[in-house]
Each structure stands twice: as structure tokens, then as C-alpha cells.
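Take a look at the structure set out below.
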Amino acid sequence: MSLNRVVVTGCGAVSPFGLGTKALLEAVWEGRSGVRLMEEWAEIGGLQSHLAAPVPSFDVKPLIPRAQRRTMGKMAIYATLAAQEAASDAGLSPALLGSGEVGVAIGSTTGSPETYQRFYEGFLPEMSVEGMRSGIFFQLMGHSCAANVCLALGIRGEQWAPSSACTSAAQSIGLGFLLVQAGRQRAMLCGGADEAHPSVTMVFDVVGAASRRHDLPISTPRPFDARRDGVVCGGGSGVLVLESLDSAVERGAHICGEVLGFGHVNDSAHIANPHESSMARAMGNALSAADISADAVDYVNAHATGTEQGDVAEAAAIGSIVGGEVPVSSLKGHLGHTLGAAGALETIVVLEMLKRQQVIPTLHLDHVDPGCAGVCLPRKIEGRSLQTVLKNNFALGGVNAALVLRRWSG
């Protein structure tokens with residue numbers, strides 16, 4: 001059976017910089033940070049990290065009808081807006097979206113954390129659900145983002161909702177790639193979403209992996225830097241339209257790039273600690289799936305979140321695959337760690353790097369940790385000949401994912 005070539009024909013974003021891919025890309029190229037001090041979190045007992053990269057407040061009422069919003073928490077709203085932008089960018093007509101030939105794979109860590117808090121605040125005092133609105137369950141369910149996107153856009157194809165924390169979007173893109181490659185779907189809207197909430201930051205704070213630089217919030221996180229002190233969680237959504245090349249050509253669609261391969265492996269050694277060998281296997285498998293050698297890689301977009309264990313292990317893994325001359329950078333300094341959205345938002349930036357032929361450096365990287373010095377870490381925007389890139393995302397629970405993307409030159 002011949003396999004379809006898979007291309008990206010549309011992108012949509014809601015990020016710590018606001019609505020739309022334009023706001024995201026402008027902020028990244030300007031070297032801005034979306035991190036801020038969450039002063040209201042100081043009231044939470046025991047929480048020592050009060051930093052996040054939330055989506056700025058906006059009025060959703062003119063953007064999504066009330067009848068649809070009632071089943072949406074924040075993250076489903078983000079996913080719906082990002083999906084609408086991606087579908088419009090790709091030129092997908094309502095008829096095609098509803099044809100059954102287009103599917104969705106949009107993941108998240110959980111359902112809406114803000115809705116969970118609201119639900120239990122109402123339920124636990126009296127152990128009663130009286131007064132609960134019927135739409136609340138649909139905001140809580142794990143596939144809330146995917147389901148609401150399908151409803152809002154009238155999509156009747158396959159619906160998938162990978163839930164693997166920091167690799168949710170990467171898994172979704174990889175799954176969409178495999179479905180389109182195999183011909184099960186003509187196109188897929190792929191990505192992820194999450195929302196900034198203290199309960200999410202608590203997970204990292206309890207294990208000592210969350211940044212506590214309250215004095216200088218816009219200087220953290222600091223991936224690969226000797227003075228890094230941990231993760232800063234963020235929110236938003238990124239959605240990409242993956243489509244068979246034949247379909248894109250037939251429609252006359254603009255092509256943003258090509259997905260060549262997907263590597264996806266489990267690490268069963270430890271539920272929390274990252275492992276170099278599994279990271280390397282994911283990258284190696286992605287290259288094998290793409291049928292290219294490591295010598296062809298021009299840039300690696302690292303997962304690197306600003307933790308000592310994770311950054312050092314990933315730097316070693318990248319070095320073992322591509323050597324020490326290929327430029328490597330992380331986007332967490334700009335965006336924070338947007339968890340379920342990270343793989344998609346970062347891939348959108350990577351596609352823009354391919355378009356502009358520029359490498360974005362790791363923000364806040366002033367003093368490279370000696371343990372990460374085995375790879376090339378640019379300190380400023382660099383013009384490079386970029387054709388093929390590796391995109392990494394890793395998650396608690398032993399999930400390791402890597403994508404191979406190529407510049408589209410027609």
C-alpha cells in the first residue's frame with residue numbers, strides 16, 4: 001500500500017501573547033516573555049511557585065455563540081478559536097469539514113482545571129449537586145477540547161483526544177500524521193490545549209520542579225541555563241491542519257511544511273525522571289520513519305523546560321543523535337510550558353523558522369550549564385539554511401515523542 005505524503009496547510013493559535021498566530025510569532029521574534037507573577041496565588045497555602053504564562057483575558061462572547069460556550073471550559077474555548085483559525089488558514093470549507101473526510105485529534109492534560117475547582121467548591125460543602133448546570137460535565141471530560149471543536153466546526157470524521165500532559169499535542173500531531181498518511185482521513189485538525197491554573201503548577205511545585213523567581217518573573221524559565229530553577233506552566237492552544245499532499249494540491253492550498261516522520265516510545269524506568277536513552281530512541285525512530293539520516297537535520301527544537309534533570313538528559317540525547325554542531329533551542333522561555341498545547345504552539349513557531357530561515361534562540365540563556373554544553377545553543381536569532389528539523393516533546397509517565405518536519409519548497 002502506498003502511503004500519502006502529509007503536509008501542513010493551516011495553523012491557529014491562542015497563546016500567552018493573545019489570540020492568533022500573528023500575535024504568537026511577533027512576540028517570539030521580538031524576544032518577549034509571556035510569564036507573569038500571579039499575585040492572587042499567594043493566598044494558596046503551601047504553594048511556593050506563583051508564576052504562570054496565562055492567556056490574557058478577552059471577551060469570548062462575540063467569538064463563540066452562547067449555545068456552544070455552555071459546554072466549554074477555558075481550554076475548550078482556546079482550542080475552538082485555534083481550530084477556527086487553522087481551518088480558515090487552510091481554506092477548509094464548511095462542506096469539507098462536514099464531509100467525514102476531516103477529523104480531529106486535539107489533546108489536553110485533563111478537562112478544565114478551573115471548572116473542576118468550581119464544581120468541587122459547589123459540591124463538597126454540602127455533598128450536593130443541586131444547582132449544578134448540565135453543561136459542566138462537558139467541560140470536565142477529558143475529550144472536552146476535541147468534542148467541542150467537532151461540534152463548533154461541524155466535523156464528522158474521526159475524533160481523538162490524546163491525554164498525556166506535555167506530549168498531548170505532539171501525540172495528536174503524530175496520530176493525525178499516521179491517519180492521513182494511511183488514507184483514513186483526507187485531513188486532520190491536530191493539536192492541544194491547556195489552561196494556566198494553580199492546581200497545575202502545584203504538580204510541579206510539590207516535586208520541586210517549579211520556578212520560584214518571583215522577583216523577576218520575565219526572566220524565567222531558563223532552559224539549559226546554569227541558573228535555571230524550574231518550570232513555569234502556561235496556557236493556550238495550538239492547532240495545525242495536516243492534509244494529504246494530493247488533497248492540498250487539488251484544492252490549491254498554501255502549504256506551510258511537510259511532516260516526514262513521527263517517533264513515539266515509552267520509558268518504563270521511572271514515572272517522573274527523564275531518560276536520555278528513551279529520548280534518543282524517539283528521535284531515532286522519527287528519523288527512521290522519515291527515511292532520512294541524522295546528517296540531514298538542520299535544527300532541533302528541544303522540549304527543554306528549565307529543569308536540571310530534563311535539560312541535561314535531553315542535551316545528551318540530542319548530541320548522541322545529531323552531534324554538537326546542529327543548532328538547538330527551546331521556546332519555553334518565551335511561552336512557559338503550555339503543557340497539552342506545547343507541541344502544537346511550538347511546531348507553529350518551528351514552521352515559521354523554516355519559512356524565515358532563522359533559528360530562534362532560547363530566551364534567558366545567559367550562562368550555559370556545563371552539562372548541556374555538548375550541543376550548539378545559539379544566543380541570538382541566526383540566519384541558517386533550514387530544510388529538515390526535529391521537534392521534541394516529552395512527558396511525565398515516560399512518554400517520549402519526536403516529529404520530523406521539512407520546509408516546503410514546492
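Remark: pairs (first residue in segment 112-134, closer than 26 Å to residue 192 by Cβ and assigned by TED's automatic domain parsing to the domain that holds residue 67; second residue modelled with pLDDT of 95 or more and assigned to a loop (DSSP other than H, G, I, E, B); Cβ separation under 7 Å; 6+ apart in sequence or on different chains) = 112/73; 112/195; 113/195; 113/197; 114/73; 114/195; 114/197; 115/73. Residues of segment 6-50 that are β-branched (Val, Ile, Thr), buried (at least 18 other Cβ atoms within 10 Å of the Cβ) and in a loop (DSSP other than H, G, I, E, B): 35 alone. Residues of segment 305-330 that are over 21 Å from residue 261 (Cβ atoms) and touching a helix residue (DSSP H, G or I) at 6+ places or on another chain (Cβ under 7 Å): 305, 306, 311, 312, 313, 315, 316.
Could you look through segment 135-146, keep only residues that are in contact with a strand residue (DSSP E or B) (Cβ under 8 Å, 6 or more places away or on another chain) and in contact (Cβ under 8 Å) with a residue 24 or more places away in the chain, and pick out the one that is farthest from residue 197 (Cα to Cα)?
Step by step, filter segment 135-146, then rank; the result is 146.
Taken over segment 272-291, residues that are of a type in the set (A, V, I, L, M, F, W, C) and modelled with pLDDT under 95 amount to 1.
Per-residue answers, yes or no, for (1) under 19 Å from the mean Cα position of the chain (by Cα); (2) at negative phi; (3) exposed (fewer than 15 other Cβ atoms within 10 Å of the Cβ):
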{"position": "216", "(1), (2), (3)": "no, yes, yes"}
{"position": "241", "(1), (2), (3)": "yes, yes, no"}
{"position": "256", "(1), (2), (3)": "yes, yes, no"}
{"position": "275", "(1), (2), (3)": "no, yes, no"}
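Looking across segment 364-382, the residues that are of a type in the set (D, E, K, R) and in contact (Cβ under 8 Å) with a residue 24 or more places away in the chain come down to 366, 369, 382.
Restricting segment 324-376 to residues that are among the β-branched types (Val, Ile, Thr) and under 13 Å from the mean Cα position of the chain (by Cα), the residue that is farthest from residue 409 (Cα to Cα) is 338.
In the list 308, 325, which residue meets the criterion of being among the charged types (D, E, K, R), farther than 15 Å from residue 229 by Cα, surrounded by fewer than 24 Cβ atoms within 10 Å (Cβ to Cβ) and not assigned by TED's automatic domain parsing to the domain that holds residue 199?
After applying the criteria, what remains is 325.
When we screen 67, 76 for residues that are modelled with pLDDT under 95 and farther than 14 Å from residue 345 by Cα, the only hit is 67.
Of the residues that sit in segment 1-38 and are touching a Leu at 6+ places or on another chain (Cβ under 9 Å) and among the β-branched types (Val, Ile, Thr), which one is nearest to residue 331 (Cα to Cα)? Looking at residues that are touching a Leu at 6+ places or on another chain (Cβ under 9 Å) and among the β-branched types (Val, Ile, Thr), I get 28.
The values are calculated or read from the model by the stated rules, or taken from the named source; none is laboratory data. This one's a predicted model, so the numbers in the text were calculated from it and none came from an experiment. Quick reminder, even Gly has a Cβ in these numbers, built from the backbone with ideal geometry, and neighbours come from all protein chains shown.
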